[in-house]
Amino acid sequence: MKQTFWGINMRVFLVVFLATFVMASLLGRAIAADSTVINRYQDWTVYKAKTDDGSLCFAASTPKDYEPKNVNRGDIFFYVTTWPKFKVTQEVSVKLGYPLKKTSAPTISIGAQNFTLFEKGDRAYIHNSLEKKLIKAMKAGQKMVVKGVSSRGTKTKDVYSLSGITAALKATASACK
């Protein structure tokens, strides 16, 4: 009998989880490196970074609104990353600006569609099997709501505009062929 986690074969889950963790670590280094703005597309900005591991491109946005207003948080960003050397295309990650509660499951809502993420420190990721569905929903939607719970138990809600996401994703793909 195969061991499963959330209905996924445990070996497959561990490989995907470790690959995502490695990519997140590399993305953090790349963002800290020199990133060049390629262009802005309404509420999304496309960047290209040169790293020791080749070029990396990403579309990023910040929330248009957030709750609660009286909580001190760090930087808050939504990223969609392409990294050709590692065959990564349109990888979704969210930096929530605080350490997430270990047992929390941050969520993304676009219209009637809901997506559950997994936490890693101050970031959240979607399972690879759901990335294409999320990207499709982002392209069709007008706004996206990300909810999370901090390690202190504070519930947050970040509202992102999806204006410009389709053009930003096209530009990201073109900039990092």
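The numbers here are math on the coordinates, done by the rules we state, and not lab data. Remember, predicted model here, so these are calculated numbers, not experimental data. Here the Cβ positions follow ideal geometry from the backbone for every residue, glycine too, while neighbour counts run over all protein chains shown.
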**Complete:** Given unit charges at Cβ for Lys, Arg (+) and Asp, Glu (-), the dipole magnitude of region 24-137 about its Cα centre in debye, nearest 20, is 160 debye
**Item:** Protection proxy ranking, peptides 140-151, 60-71, average beta carbon neighbours within 10 Å, highest first
**Value:** 140-151, 60-71
**Message:** Can you list residues from other chains, or at least 5 along the same chain, whose modelled amide H is less than 5 Å from the amide H of Asp122?
**Reply:** Leu100
**Asked** Hey, how many Å between the Cα centroid of region 100-120 and the Cα centroid of region 78-93?
**Response** 19 Å
**Request:** Convert each backbone phi in region 145-153 into a coupling constant with the Karplus relation 6.51 cos²θ - 1.76 cosθ + 1.60 (shift: θ = phi - 60°), then list the ³J(HN,Hα) values in order as whole Hz, x for Gly and Pro.
**Result:** 10, 10, 10, x, 10, 6, 4, 8, x
**Prompt:** How large is ³J(HN,Hα), in whole Hz, for each residue of region 97-110 in order, when computed from phi with the Karplus curve 6.51 cos²θ - 1.76 cosθ + 1.60 and θ = phi - 60°, using x for Gly and Pro?
**Reply:** x, 6, x, 7, 4, 4, 9, 7, 10, x, 10, 10, 10, 10
**Asked** Taking 0.36 nm per residue of separation and subtracting the Cα-Cα distance, what length does fully extending Glu67 through Thr166 add?
**Response** 33.0 nm
**Prompt:** Which of the pairs Lys132/Lys157; Lys87/Lys157; Lys50/Lys136; Lys50/Lys132 have their Cα atoms more than 30 Å apart in this structure?
**Reply:** Lys87/Lys157
**Length gained when the stretch Ser55-Ser174 is fully extended (0.36 nm per residue, less Cα-Cα span)** = 41.6 nm
